[in-house]
Every structure is written in C-alpha cells, then in structure tokens.
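For reference, the structure is listed below as structure tokens.
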Amino acid sequence: MKKHFFIKSLYTFLTLFFLINQNIQAQNPVSKFGEVNDYEINMTSYPEDTTATAVVLSEKGETRFIYDEQSGFRYKYDYQVKIKILKPEGIEEANETIEYTNINSKSREEISGLSGTTYNLEDGKIVKAKLSKEFINDEKYDEKFFRKKFTLPAVKVGSVIEYKYTIYSDFFYDLRDFRFQHHIPVVKTTYDIIIPEYYHYNIEMRGYESIISKQEAVSEKFTIRYSHIEENGRTYHESYDINSNSKRYYFEGKNIPALKDEPFVWCLDDYISKVSFELQSIHYPQSTVKNFSSDWATVDKELLDASSFGGNLKKNDMVKDLVKEFDTISNPVSKVIQIQNMIKSTVKWNEKNRLTSDDIKNALKTGLGSSADMNFLLINALNAAGIEAFPVVMSTRSNGTLPFSHPSISALNYFITGIKIDTVTYFTDVSAKSGSLNILPQTCLVNRARSIKENGRSQWVNLTKVSSGNITKNISCKFEDGVYTATINTWYKDESAYDFRLNQNNYKDEDEYREILESKFAGAIDNYSTTGIENTSAPINEKFKVKTNIGTGGEYIYLTALFEPQFTENRFKSEERKLPIEFNYPITFRENISIEIPEGYTVEDLPKSEKYTFDDGSKISCLYQIIHQDNTIFLKYNFTQKEIMFINTDYEHLKNFFAKIVSKSGEKIILKKM
C-alpha cells in the first residue's frame with residue numbers, strides 16, 4: 001500500500017514537473033542566437049496577432065563606452081535580432097538597411113561583425129544559409145551619410161532569420177535610439193546600456209507600450225594611453241587606469257504589438273515605443289563641466305552664427321540687382337509675390353530638402369538649388385527690396401514633432417520663409433512649385449516651428465492654421481434627352497488648390513485625367529475646362545458636364561442626392577485607437593445641388609435634412625439640408641472643420657460622427673412615374 005502510494009505520488013510529481021517545465025518553455029520558447037528550435041521552425045502564426053506577416057522572436061541591443069588612443073571615448077553598439085517569417089509579405093524582413101555617418105577620420109562610424117543566417121526546414125532537417133558578401137553593399141546617399149544594405153539569402157514563408165552587427169561610433173553626444181516596437185509584433189526585446197559617470201544624458205521614453213526599466217550602479221575601469229615625443233626624438237608611451245562609477249540602464253519589453261499605421265497620423269515614429277538619449281553635459285576628471293543641453297534661444301544663436309545658415313542671411317548684395325525691377329510696385333504683397341515668382345523662374349528646385357546651404361551663389365549661377373538655397377535667396381531678395389523676411393525652422397511632419405523640452409539643432413530638418421508686412425506675417429516655401437503666400441506643402445503645416453531673428457526676437461509659430469482648404473461645388477442636374485446629366489462648376493482655393501495642382505502633376509495630360517473622371521462618375525465627360533492652374537496665388541475653377549448611365553423610362557428613378565459626396569467611406573475602421581488623430585488642414589467643403597425633376601415623374605421619397613456636430617460644433621460640423629420646391633430639388637451640403645488635432649479619447653466620437661456623414665451621403669432620392 002505504501003509502495004503504491006509512493007509510486008502514485010512520484011508519478012504525480014513527475015507529471016507536475018513536466019507540465020510546469022513545459023509551461024515555462026511555452027512562455028519562453030525562443031532559442032539562443034545562432035540556434036533554432038522546433039517551436040520556432042514549425043511556427044505558422046503568432047497567437048497574439050494572427051494577421052502578422054512576421055514576428056520578432058527576440059531582439060537585443062547593448063551600448064558600452066570604450067576608449068582608444070586615436071579617438072578617445074567612443075561607444076560600441078551591438079545589435080542582434082531573430083525573426084520568424086509567417087506570410088509572403090513578411091519576406092521583406094530579409095532586407096535590412098543600417099545608416100551610418102562618416103564625416104572625417106575623427107568623426108565617423110564603422111560597422112563590423114555583420115553576419116546573418118537563414119534557417120529553413122527541408123525534408124525534416126534544418127538547413128542553414130549564411131549571409132555572404134555578395135548580398136551586402138554600401139551606398140552613399142549624401143556627402144556624409146551612408147547606408148549598408150543587406151539581404152538574407154533563401155528566405156521564404158516559414159524561414160527563421162537572424163542577423164547581428166556592431167557599430168563603433170565617435171558620436172557619443174548622439175547615442176542611437178533603441179526601438180522596442182516595430183511594424184511587426186515583438187515577443188521579447190531588451191536594451192542594456194552602461195554610461196560612465198563623465199557623461200550626463202537626458203533619457204526620454206516614448207510610446208504607449210509597457211516597457212520595464214531598471215538601473216543600478218556599476219564600476220568600470222578605462223585604460224587611458226597617450227604618447228608624446230621627447231627631445232631626443234623617441235616616442236614615449238604612457239598609460240594609466242581611471243575608475244568610473246557608471247550607471248547601467250536595462251529595459252525590457254514582452255509581447256509588444258506591431259505599431260500599425262493609422263489614417264491621419266503625421267509621423268508614426270512620434271508614437272513608437274523607444275528610448276532616446278540627449279547629452280546634457282560632460283565632466284572629465286580634473287576638468288570643468290562642459291554643457292551641451294541648451295534652451296531654444298541658444299539653438300537660435302547657433303543657427304545664426306553658423307556660416308551655412310546665418311551666414312546665408314547676409315547676402316543681399318548677391319540679389320539686389322535682381323529686385324530693382326520691382327521698385328515701382330507699391331503694394332507690398334504684390335511685390336512679394338512677384339519677387340517669389342522671379343526666384344522660382346531663376347532657380348529650379350533640385351528635389352533636395354535641406355536646412356543649410358554651403359553655396360547659394362552656385363545655385364543662382366547654375367539655376368538649380370535645394371529648398372534651402374531657394375529660400376535663402378528669397379529672404380535676401382526680399383530684404384534687399386526693403387521687406388522684412390526671415391527663416392522659419394522646423395521638423396516637418398514626416399520627420400516628427402519638434403520637442404520643446406530637448407532643444408537640438410539635430411531635431412530640425414527644414415525651413416521656410418517668414419515675411420512681415422505691417423502687422424501681418426505671411427509664410428511661404430519658394431521651393432514648392434504649387435505654393436504661394438500662406439499656401440504651404442502639408443508637411444510644413446506643423447504645430448511647432450520657430451522663426452529665427454536677431455537680438456533674441458525668435459519665437460514659436462503654429463503653422464497648422466496658416467492655411468485652410470476650401471472647395472465649393474455648384475452642381476446643376478437634369479435629364480437631357482432622357483439621360484441624367486450634371487453640370488459641375490468647382491472652385492478650389494488655398495490648400496485645396498495646392499492639392500489640385502499636385503494631383504494634376506500625376507497625369508501625363510488632360511485626356512488621362514478625363515478618363516479618371518469618367519471612371520469616377522461612370523459617365524462621359526464633356527466641355528472640360530480649368531482656369532487658374534498656372535497662377536499659384538489664385539483659386540482654380542474647374543468645369544465639366546457628366547452624362548451618366550441613369551435614364552428615364554422605368555417606373556422608379558433612384559438618384560444619390562449628393563452627386564459628388566465628400567466622403568464615400570469612413571476611414572476610421574478600427575475598433576479602438578491608441579494614437580491621436582491628426583488631419584491635414586482645416587477645410588470647408590460646400591456642395592450646392594439643384595435637381596430638375598423630369599416631366600412625368602414625382603417625388604416618392606427624399607432624405608431628411610440633418611445637422612451633425614462634433615461636441616458643440618465649434619470643431620467640426622456638417623449641414624445636410626434638402627428642399628423640394630415645384631419641379632426642383634435643392635440640396636445644400638456644408639462641411640466645416642476648424643480643428644485638425646484630436647486626442648485618442650475622441651476616436652469613438654469621431655468614428656461615429658463620420659459614419660453618420662458617410663451614411664447620409666449615400667442616401668437616395670426616389671422619383672416615381674406618375
């Protein structure tokens with residue numbers, strides 16, 4: 001009896017041990033780097049996100065400071081990652097790019113130890129394919145910036161891929177960010193960094209995902225070696241050790257969901273979960289503290305003192321002869337527009353966006369220049385003509401939001417021209433072919449930009465409401481020879497006109513655009529014409545007639561009341577949203593429609609008039625008003641959006657608001673034969 005009980009207890013213990021051990025393995029099924037296990041190779045989907053095309057099984061980053069005789073203190077960044085390919089779209093994960101900088105021998109980055117492996121299951125066995133040199137290449141994409149591109153071999157659905165590399169960098173004042181989140185989900189990610197006591201950084205965490213962080217004190221020793229030549233010509237080497245009371249920071253994330261692109265997000269990178277380091281100060285032994293962090297006033301001064309920026313604001317003489325012909329123009333706004341058009345015709349944009357310029361004279365000479373070249377020339381030309389002009393620096397929407405709390409020139413990537421006339425300030429980007437005063441590329445319509453002026457007069461500027469869109473459609477509909485025909489007369493103003501001009505550039509000619517319209521309206525286009533395309537300061541008027549495939553003759557005629565709906569679908573489809581909502585620009589959209597009821601028909605059913613508002617209507621409102629009068633139906637649709645930035649808690653309300661508008665926009669008018 002006791003023996004039976006012992007055997008039964010042992011069996012129970014072993015079963016529990018097996019289950020517990022199996023559970024532990026299930027919770028952490030990822031093997032070490034350089035290995036692959038059955039779970040990884042046989043994995044067909046990621047339970048936490050079955051839509052995932054691939055998943056990061058493990059990711060590890062590590063930063064350590066090192067010292068060498070030639071460069072002094074540098075940092076070494078080690079990175080390794082293992083990824084499972086789950087769907088054909090995930091094969092793209094085998095293509096990777098590492099960006100690095102090489103300014104000179106004392107300011108450079110080097111990539112070493114790049115290696116990778118693809119694991120595939122073939123005939124029941126795991127087969128390895130190593131990354132070879134033929135799949136690695138370096139690419140120079142600017143004077144100082146390079147890309148190392150590589151592609152893992154033999155990758156297919158079911159593959160497990162891994163790669164690792166080391167970066168040695170002189171830029172300890174600009175440590176690399178570490179991203180815990182990617183466009184595919186992550187099972188486990190860790191980052192480990194040890195910072196010597198001589199370096200003080202502002203550490204910033206971003207994103208919405210939960211990342212565990214720990215810190216502890218650690219002791220480090222660095223061997224400092226230097227050489228000097230004695231009087232006898234012999235080189236003398238000396239070295240000594242220094243101890244550092246360093247700090248170790250450890251970060252860990254598990255089951256991090258993919259950061260999926262949502263509609264109406266300016267820069268997805270603003271919301272990715274990551275850690276950033278900004279150098280605040282350096283204090284080496286037996287030396288004074290050297291501060292790096294500054295306020296924005298200091299950044300302003302650095303820009304103005306730089307020859308590649310502030311130096312380019314003092315070259316009025318270079319363009320003074322070009323603006324003499326405009327001396328007789330008395331209206332200052334007209335003068336600005338004429339001078340801007342002169343710069344546009346003198347220098348063409350070379351499709352490079354820049355914050356600084358080394359040679360604006362060459363741009364003027366060759367007739368080809370960057371955005372910075374062109375805007376510097378405009379500022380000088382306007383100042384030479386007696387009109388106050390100045391640069392307005394920014395981080396464009398696609399580059400990410402400019403931080404208030406961490407001032408840095410490196411956060412800036414662009415500037416436009418600000419112009420002060422009496423008490424009114426205008427903004428323009430002369431390199432934007434379709435732009436004009438207060439009509440800017442959308443990427444420049446940021447909520448944080450900074451006007452740069454001498455004597456501490458720089459200030460913050462919100463450009464989100466500098467310009468707005470305005471579209472007015474007057475549509476007359478009637479049955480001609482039994483066919484439903486609409487005459488459409490549309491006015492596009494400001495940002496809407498800018499977008500229209502950009503859109504026209506996508507078509508090789510008017511015929512191609514007419515084909516698009518015919519497909520959109522499912523009818524033939526006649527009498528097409530536009531005016532105002534070339535004058536970027538003017539509104540655009542577009543006119544044409546559409547003959548649809550709707551005809552008389554049947555007992556009922558079904559007509560969509562809004563002939564050209566502003567919204568045909570609700571772009572807010574997700575059940576929930578973590579990210580804020582950022583629309584393009586404020587807009588007013590009006591559609592005034594008259595529908596002549598054909599002879600022999602009467603109105604059977606009309607949509608109801610409605611008014612929709614977001615909150616109290618001060619941010620977004622929509623009026624849908626329909627009236628039947630004699631033999632004509634009149635519909636007035638008026639959508640007004642004054643605010644463009646909303647927090648994620650507004651999402652459900654916005655989703656429902658636009659759902660109502662989309663539903664209303666599809667409602668039918670029913671005509672019945674008498």
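The values are calculated or read from the model by the stated rules, or taken from the named source; none is laboratory data. Model, not experiment: these values are computed from the prediction. Cβ coordinates were reconstructed from backbone atoms using ideal geometry, including for glycine residues, and neighbour counts include every protein chain displayed. Just so you know, the surface numbers come from the protein's heavy atoms only, side chains and all, with ligands and any DNA or RNA stripped out. Shrake-Rupley method; radii C 1.70, N 1.55, O 1.52, S 1.80 Å.
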List the aspartates and glutamates whose Cα lies under 16 Å from the Cα of LYS672, skipping any in the same chain that are fewer than 8 positions away. GLU555, GLU596, GLU599, GLU604, ASP605, ASP630
Note down the accessible area of THR396, probe 1.4 Å, to the nearest 10 Å². 10 Å²
Taking N as the number of residues in region 428-556, what is its alpha-carbon radius of gyration divided by 2.2 N^0.38 Å? 1.44
Give me the one-decimal nm value for the distance between modelled label points at SER45 and ASN255, 7 Å along each residue's Cα-to-Cβ direction. 1.7 nm
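So if each residue of separation counts as 0.36 nm, and I subtract the Cα-Cα distance between THR101 and ASP321, what length gain in nm does that give?
My answer for the length gained is 75.2 nm.
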Normalised contact order of the chain, rounded percent, pairs of Cα under 8 Å and 6 or more residues apart: 8 percent
The set of residues whose placed amide H lies less than 5 Å from the amide H of ALA524, leaving out same-chain residues fewer than 5 positions away, is LYS547
Within region 374-407, whose backbone N sits under 18 Å from a point 7 Å along Cα→Cβ of LEU502? 394-401
Estimate the FRET efficiency between HIS628 and ASN455 by the formula 1/(1 + (r/R0)^6), using the beta-carbon distance for r and 60 Å for R0, to the nearest 0.05. 0.35
Residues with amide H under 5 Å from that of ILE550, placed H, sequence gap 5 or more: TYR484
Between MET645 and VAL127, what is the spin-label point distance in nm, taking each point 7 Å from the Cα along the Cα→C-beta axis? 5.5 nm
For a label point 7 angstrom out from the Cα of ASN656 toward its Cβ, which stretches of region 621-648 have the backbone nitrogen within less than 17 Å? 621-622, 647-648
For region 463-540, run through the GluC sites (Glu not before Pro) and keep only the ones in DSSP coil with at most 11 other Cβ atoms within 10 Å of their Cβ. GLU534
In degrees between 0 and 90, to the nearest 10, how far off the longest principal axis of the chain does helix 651-665 point, with axes built from Cα atoms? 30 degrees
Loop-located chymotrypsin sites (Phe, Trp or Tyr not before Pro) in region 70-164 whose Cβ has at most 16 other Cβ within 10 Å (DSSP): TYR141
Would you kindly derive the ³J(HN,Hα) couplings of region 124-134 from the backbone phi angles with the Karplus curve 6.51 cos²θ - 1.76 cosθ + 1.60 (θ = phi - 60°), listing them in order in whole Hz, with x for Gly and Pro? x, 10, 8, 10, 9, 10, 8, 6, 10, 4, 5
Between the residues LEU368, THR190, ILE595, the Cα farthest towards the positive end of the dipole of the chain, that dipole coming from +1 and -1 charges on the beta-carbon of Lys, Arg, Asp and Glu, is from THR190
Sticking with the crude label model, points 7 Å out along Cα→Cβ, report the distance from THR568 to ASP615 in nm, one decimal please. 3.2 nm
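Pairs to check: LYS106/LYS149; LYS128/LYS164; LYS478/LYS520; LYS274/LYS573; LYS260/LYS619. Give those whose C-alpha atoms are more than 21 Å from each other in this structure.
Checking Cα-Cα distances, LYS106/LYS149; LYS274/LYS573; LYS260/LYS619 exceed 21 Å.
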Using a Förster radius of 56 Å, what is the FRET efficiency between GLU69 and SER663 based on their Cβ-Cβ separation? Nearest 0.05, please. 0.20
Across region 69-217, what fraction of all alpha-carbon pairs, as a whole percent, falls in each successive 10 Å bin from zero upward? 9, 32, 34, 20, 5, 0
Quick one: which residues, 5+ away or cross-chain, put their amide H under 5 Å from the amide H of LEU259? H built at 1.01 Å from N. HIS182, HIS183, ILE184
Which values of log₁₀ I(q)/I(0), to two decimal places, follow from the Debye formula for region 141-278 at q = 0.11, 0.17 Å⁻¹ with a uniform point scatterer at every Cα? -0.65, -1.19
Quick one: Karplus J couplings for region 446-452, per residue in order, coefficients 6.51, -1.76, 1.60, θ = phi - 60°, nearest Hz, x for Gly and Pro? 9, 8, 9, 10, 9, 6, 9
Once the chain is represented by equal point scatterers at the alpha-carbon sites, with solvent omitted, what log10 I(q)/I(0) does the Debye formula produce at q = 0.08, 0.12 Å⁻¹? -0.86, -1.39
Whole-Å distance linking the alpha carbon centroid of region 143-212 with that of region 652-670 is 44 Å
Carbon-plus-sulfur fraction of the accessible area of the chain, 1.4 Å probe, in percent? 47 percent
May I ask you to evaluate 6.51 cos²θ - 1.76 cosθ + 1.60, the Karplus curve with θ = phi - 60°, for each residue of region 500-515 and list the ³J(HN,Hα) values in order in whole Hz, giving x for glycine and proline? 4, 5, 4, 5, 5, 5, 7, 10, 6, 6, 5, 4, 5, 5, 4, 4
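How much length is gained on full extension from ASN462 to ASP358, taking 0.36 nm per residue of separation minus their Cα-Cα distance? All intermediate terms of the calculation are to be shown ahead of the outcome.
Numbers: separation 104, 0.36 × 104 = 37.44 nm, distance 2.86 nm.
Full extension of this stretch gives 34.6 nm more.
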Of TYR79, ALA94, ASN120, which is farthest along the charge dipole of region 55-176 in the positive direction, counting Lys and Arg as +1 and Asp and Glu as -1 at C-beta? ASN120
Stretch gain in nm, segment ASP305-THR166, where the contour uses 0.36 nm per residue and the Cα spacing is subtracted: 46.4 nm
Loop-only check: which GluC sites (Glu not before Pro) in region 587-624 are DSSP coil with at most 13 other Cβ within 10 angstrom? GLU599
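Work through the residues other than LYS433 whose Cβ is under 14 Å from its Cβ and net out their charges, Lys, Arg +1 and Asp, Glu -1.
Value of the local net charge: -1.
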